Each structure stands twice: as C-alpha cells, then as structure tokens.
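Since every read-out is calculated from the coordinates, none of them should be taken as a lab result. Quantities reported herein were computed from a predicted structural model and do not represent experimental measurements. Backbone-built Cβ (ideal geometry, glycine too); neighbour counts: all protein chains shown.
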Amino acid sequence: MRKAFSPDIEALVVDRRKLLTTGIGVALAPTLSLAFASNATASAPALGPWQPKFYRFKLGAFEITTISDSEAFIDGPFPIVGQNAREADVRALMRDNLLPEQKYQPGFTPTIINTGDKLILLDTGNGSNGFIPRPNGGWLAAQLGPAGFKPEDIDIVLLSHGHPDHVGGMIENAKPLFPNARYVIGAIEHDFWAPEGKFTADLEKWASIFRTNTKPVADKFTFIKPGDDVVTGVRAIEAYGHTPGHLAFMIESQGKSILYWGDCAHHQVASLAHPEWDCLFDSDKQLGARTRRRIYDMAATDRIPVIGYHMPFPSIGYVERNGPGSYRWLAHTYQLNL
C-alpha cells in the first residue's frame, strides 16, 4: 500500500521531477539527490597531517627546487629570536600575528639550482647529526629521489655556513652522500670551524660535526669570498654575523633574480619585525643585526623574491617595509609560477 505524503512533500516531489527535465535540474540533480539520501554516512580512517616535501619553479633559464629537511616544531621563537628582548614582548608579537606564543615550525630548506649545465645544492640539511636529526629531521637524502634527483648527479655542494643543520647532510652511512660533487664554502667560514682544539662546549660540538663531515671531501673544497661567482648566475654576498663567514647568494638568470639568504632570519615574523632582536645562534650579535637590516632593506628595495632557509616551507617570499626599521615577510603564492 502506497504511503501518503504530506501536501508539502508531494509538491516538492513533483517540483523535483519537473526540475530534472530541465538543464538546471540536471545540474542540480546530485545536490537534490543528497537531500533525499539516507542520514547514514560512510566512515573513513584519518590519513594524518601531510605537508609538501618539495617545491619547484623556474627563474629565467634556471629551475629551482626547495626541499623540506624537517617539519619539527621547536620551542620559541624566544629566545632563539629576541634573546635581548623581553619574553613578554616576543610572545605578544606572536599573539598579534595569530601564532603560537611558545612553539614554532621553522623551515630547514636545502635548495637545488639546475642551471641547465650544473646541479648546485645549497646547504645539506641536518643529516644524521645536525640540530634536528632523524626521524624528525635529516630528510634531504630520502627526499632527493621524490624531488627528481640522484645524489651522484649533484655537481656542486654550496654551503652558506658551517652550522650542523647546514652541513649535517653531507655524509650518509659514513660516506659522502654526493660522491661526484665539488664543495664550495667561504674561506673565512671554513677557517673558523676547521681547526682542532679551538673550541669548548657547544661550539666544539658544532665544530666537531663540521670536521667530521668535511674531512672526507677535504680535497674537493673550493674557497670563495663575497663577490665571487660560484658559477655564472650564482654570486656570493657578504652576510657576516650569524657566523664569521656566513654568505648569502644572489641567483640570476635571463634578467630575473632571487636571493638565497641562508640564516639571515630564523622566524618569519620576529626576525623581520625586529631585526635588532638578537639571534641566539649569532656569533657576533651586533654584526648580525646590521646584516639583517642591510639584507632586508636590499630585498625590499629591489623587490626581489627570497629563499630563506628557516622560513616556513617552501621558504620562498618577499620582504616589504613595515615602519621605521621594521619589515614584513610576504609568503610567495603564485608570482614565480608564471
């Protein structure tokens, strides 16, 4: 026996039948069908968080790939940024920017430049003995393949400086990960970290990692200074202060430029809003602050994109002025995808 509908339901069914005979009805059919579906819904297991592990874009004739070496959260940004400031002020800045006050997720971002002639790797990540070792960091070796590269294809390993999260990925299973590469670093930087018996405490731990990872390829090193070209289109820029010989690199192809600034910032808000705030890891804090101002001002004035090693992945953005002596990081969206 047919169950009777209420007048309102009967009218809705008739109207629905009419709609389905029109183009509009065909377009709306899936939505209308859902209104008459059962309340039961299919269940599915949670897949877990996931973030992209590499990002690629063109710069003139060059192709540039940034690779994530870690997604770890760490304590901070205070005192990593703002060691000379009040913790309350750093935390207030985080609140004002809708960020957690005491945790942040820095990028650790080795970068590969394909010039068409050479594959150049800028910094090597944490590896097995960096600041954030495996499993939470040291992902470069595992991510090269998914990003489209083989370790043996890297022609040049270019190091911005000697901290463990930049040289840690040079060695894998006690052997050089990049067997066919030559290695390039600032002469001042190399000579700071290389001597035996020079340091104590944390600096000796870091220097020991530097020596351990560079000795197996010592005969393959080339030493540069600011203003030198690593290859045509990749030029070293003085960025001293974070370490004695810290270098940034200007990358240029067919009239387009991008700045790889290494560790000129450790937090996308705090470092730029207050370049005068000390970085805990800077070897010369006053010089580090002057360098930040100079590098940020250059990036803002020239309106050029930036790859910041510790910026949130994919670690690409722009810098704009945000008041006297203050700057703001603008994350890349689609500007480089044209």
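Overview of values
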quantity: Estimated FRET transfer efficiency (TYR334, SER128; beta-carbon r; R0 30 Å; 0.05); calculated: 0.25
quantity: Cross-link pairs LYS103/LYS150; LYS118/LYS256; LYS225/LYS256 - those with Cα-Cα distance over 28 Å; calculated: LYS103/LYS150
quantity: Two-site label geometry, SER208 and ASP96: point separation in nm, points 7 Å out along Cα→Cβ; calculated: 4.2
quantity: For LEU177, distant residues with modelled amide H under 5 Å away; calculated: ILE171, GLU172
quantity: Cβ-based charge dipole, the chain, positive-most Cα from SER160, ILE132, THR65; calculated: THR65
quantity: Nitroxide proxy distance, nm - points 7 Å out along Cα→Cβ at GLU152 and ASP89; calculated: 5.5
quantity: Dipole moment magnitude, nearest 20 debye, the range 54-337 about Cα centre, only Lys, Arg, Asp, Glu C-beta charged; calculated: 280
quantity: Karplus 3J(HN,Hα) series, Hz, for the range 213-230 with 6.51 cos²θ - 1.76 cosθ + 1.60 (x for Gly, Pro); calculated: 8, 9, 4, x, 10, 4, 7, 9, 8, 10, 10, 10, 9, x, x, 6, 8, 6
quantity: Within-12-Å neighbourhood charge of THR124 [Cβ basis; K, R +1; D, E -1]; calculated: -4
quantity: Rounded to whole Hz, the Karplus (6.51, -1.76, 1.60) HN-Hα couplings of the range 61-72, x for glycine and proline; calculated: 8, 8, 10, 10, 10, 9, 10, 7, 9, 5, 10, 5
quantity: Note, ³J(HN,Hα) from phi for the range 308-322, Karplus 6.51, -1.76, 1.60, rounded to Hz, x at Gly and Pro; calculated: x, 3, 9, 6, x, 4, x, 6, 10, x, 10, 10, 10, 6, 9
quantity: The range 54-337 - Rg (one decimal) and Dmax (whole number), Cα, Å; calculated: 17.6, 50
quantity: Other-chain or far-sequence residues with amide H under 5 Å of GLY245's (modelled H); calculated: GLU189
quantity: Ranked TRP193, TRP206, criterion: other C-beta atoms within 10 Å, fewest first; calculated: TRP206, TRP193
quantity: Rounded to 5, percent antiparallel among DSSP beta bridges of the chain; calculated: 75
quantity: Where labels lie 7 Å past Cα in the beta-carbon direction, separation of LYS220 and LEU287 in nm; calculated: 3.0
quantity: C-alpha long axis of helix 87-96 to longest principal axis of the chain, angle in °; calculated: 40
quantity: Inter-centroid distance (Cα atoms) of the range 152-217 relative to the range 271-295, Å; calculated: 24
quantity: Amide hydrogen neighbours beyond the local backbone of LEU330, cut-off 5 Å, H modeled; calculated: TYR318, VAL319, GLU320
quantity: Mean Cβ neighbour count within 10 Å, used as a protection proxy, ranking 118-130, 86-98, 273-285, 158-170 highest first; calculated: 158-170, 118-130, 273-285, 86-98
